[in-house]
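So the structure is just underneath, and the comments pick up after that.
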Amino acid sequence: MNLSYEKMVQLAMAGLKAAGIGDKAAFETAQFLALAELDGLASHGLARVSQYAGHAKNGRVQLDPKIKVRPYKTSAALVDACDGLAFPALRFATDLSVNLASKNGVGLVAVTNSHHFGVAGHFSEAAARAGYISLLFGNTPAAMPMVGGSKAMFGTNPLAAAFPIANSDPLVIDMSLSAVARGKLLVAAKQGKAIPEGWALTADGKPTTDPQEGLKGLMVPLGGDKGALLALIVELLVVGLSGSRFSYEADSFFDAKGNRPRIGQLLLTIDPGLAGSQVFVNRMHDFLKTLAADTGTRIPGQRRFKQRAEGFKEGANISDVVVEEIQAGIRQSWNG
C-alpha cells in the first residue's frame, strides 16, 4: 500500500494513541517512523508501531512521561527519558547537545531510562545540518555474544556519525554492530520470508534462515570478533555515562511482555571550528573532491537522502500486513 508521509504519520500516531501513548510522544514517534519509511528503512518504520503498542499495553513504557534533565559541569548533561518512548527524549537531547556545543565547543548528553530509538542517523543528521559534527551511540537488549562466548551479552548497539558539508546534505554513517539490524528479521518474519544465512543464529548457535528462530537466538556480529569488541566499547560508554541498564539486563524488544528496558544513548556534538573557522570546511572540500575522482564511490547518506526526496513526492510502499496490524490495534481499542 502506497502512503504519503502525512498518511504514515497519521496511521502510526493513531496506532500508538490506541495503545494509550500520550499525544506528544505518539506524534514525535510517528514522525520518525514515517521518516524511516521514506528513507527505505522499513525495519525501523511502521512495523514498529505494533511492537511499541504491545509494550505500552503491558507496562513496558511510561505512556506520558515528563523528561528530566540534570546538567553536569559546563558541557555535559544527563537526560532522563523516564521510561517513555525514546524519540521525544532523543530529539530533546540532540537539541541540548547542539546548544552546549555552540557555547562550549563540545556538548555531551547521555540519555537514561530509554527505549528503542529507531534510526540513529536521524539524530546525528539533525546536528550536522545545524553545522556540527555529531556522534551517537546506543545499547539495545542483548542479541550478540562476547568474543569466544555463546550467550547474548551485547545488543546490536548501533552507532551513527554525521559531518556537515557546506551547502549540501551532510555525510552520515549509520550502522548496527551486528551483520544487519535486528529489525530486518522483524520485517522478514512479518512478511513470511527467509533471511540470508550469515545474519543470525538459533538459540543453540546454529546458522539459520528462519527469521523467527533468529529473533529467539543470536545476531552475528559485524566483522566477527571486531564487531563484538566495538559493541563492547559502545556498551561501556553508554551504560557507564548514563547509568542505564546493560544490554543483558533488558528484556527483548520483540516480546510484548517483559521489563522496562531502561537502556541508554550517548550523544557527542562538536563545533568543527577548533582549528579555525574555515579549516574543517576546506578539509572536507578537499576530501570530497578526491573521493569524487574515484569513479563508483559515493558519500554515505546520499542514497538515503535521494530516496527520501522521492518519497516525499511519491509516498512509500508499506506492507499490507503492517497496515492491517496497526488498523487491527486501533479497532480493538474502539471495541475495548
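No value in this document is a laboratory result; all are computed from the given coordinates. Small disclaimer: the values here were computed from a predicted structure and weren't measured. Ideal geometry is used to build each Cβ from the backbone, glycine not excepted, and the neighbour counts take in all protein chains shown.
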More than 20 Å apart - percent of Cα-Cα pairs taken over the range 208-320: 72 percent
Whole-angstrom Cα spans of the range 120-184 along principal axes, big to small: 48, 19, 17
Beta bridge orientation in the chain: antiparallel %, DSSP, nearest 5: 90 percent
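Would you work out if the chain is rounded, prolate or oblate? Take a ≥ b ≥ c from the square roots of the eigenvalues of the alpha-carbon gyration tensor; rounded if a/c is under 1.5, else prolate when a/b is larger than b/c, oblate otherwise.
Details: a/c = 1.32, a/b = 1.29, b/c = 1.02.
Because its axes are fairly even, with a/c under 1.5, the chain counts as rounded.
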Distance from the range 261-336 to the range 147-222 (C-alpha centre basis), Å: 17 Å
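Mind checking the full-extension length gain between Lys216 and Lys257? Use 0.36 nm per residue of separation minus the Cα-Cα distance, one decimal, nm.
Working: separation 41, 0.36 × 41 = 14.76 nm, distance 1.44 nm.
Roughly 13.3 nm would be gained on extension.
With +1 on each Lys and Arg Cβ and -1 on each Asp and Glu Cβ, how big is the dipole of the chain about its Cα centre, in debye rounded to the nearest 20? Display every interim value, and only then the final one.
Numbers: 34 positive and 29 negative charges, 89 e Å.
Dipole of the chain, to the nearest 20 debye: 420 debye.
If contacts are Cα pairs under 8 angstrom and at least 6 residues apart, what is the relative contact order of the chain in percent? Spell out each step's value before the answer.
Values: 752 pairs, mean separation 77.1, N = 336.
Once normalised by length, the contact order is 23 percent.
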For the range 181-263, the spread of Cα positions along each principal axis, largest first, Å: 39, 32, 21
Chain lengthening between Asn167 and Gln278 when straightened (0.36 nm per residue, less Cα-Cα): 38.6 nm
Residue-by-residue Karplus 3J(HN,Hα) for the range 68-76, coefficients 6.51, -1.76, 1.60, Hz, glycine and proline x: 10, 10, 10, x, 9, 6, 9, 10, 9
Label-point separation, Leu236 to Asn317 (7 Å along Cα→Cβ), nm: 4.5 nm
Whole-number D in µm²/s for the range 199-243 (Stokes-Einstein; Kirkwood sum over Cα pairs; 20 °C, 1.002 mPa s): 185 µm²/s
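Can you give the extra length, in nm with one decimal, that the chain gains between Asn104 and Tyr72 once fully stretched, where that is 0.36 nm per residue apart less the Cα-Cα distance? Before the final figure, lay out each step's value.
On the way: separation 32, 0.36 × 32 = 11.52 nm, distance 1.30 nm.
Net length gain for the segment: 10.2 nm.
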Positive-end residue, the chain charge dipole about Cα centroid, Cβ charges, pick of Gly223, Phe154, Ala194: Phe154
DSSP-loop chymotrypsin sites (Phe, Trp or Tyr not before Pro) across the range 197-256, with at most 13 other Cβ within 10 angstrom: none
D (Stokes-Einstein, µm²/s), Kirkwood Cα radius, the range 82-190, 0.890 mPa s at 25 °C: 163 µm²/s
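Do any trypsin sites (Lys or Arg not before Pro) in the range 188-239 lie in a DSSP loop with no more than 10 other beta carbon atoms within 10 Å, and if so, which?
Details: sites: Lys190, Lys193, Lys216, Lys226; in loops: Lys193.
Sparse-neighbourhood loop trypsin sites (Lys or Arg not before Pro): Lys193.
Counting other Cβ atoms within 10 Å of each Cβ, which trypsin sites (Lys or Arg not before Pro) in the range 47-108 have at most 16 and sit in a DSSP loop? Don't jump to the answer; show the numbers that get you there.
Values: sites: Arg48, Lys57, Arg60, Lys66, Lys68, Lys73, Arg91, Lys103; in loops: Arg60, Lys66, Lys73.
Taking the range 47-108 and a limit of 16 other Cβ atoms within 10 Å, the loop trypsin sites (Lys or Arg not before Pro) found are Lys66, Lys73.
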Top positive-direction residue, dipole computed over the range 1-57 with Cβ charges, set Gln51, Ala12, Leu38: Gln51
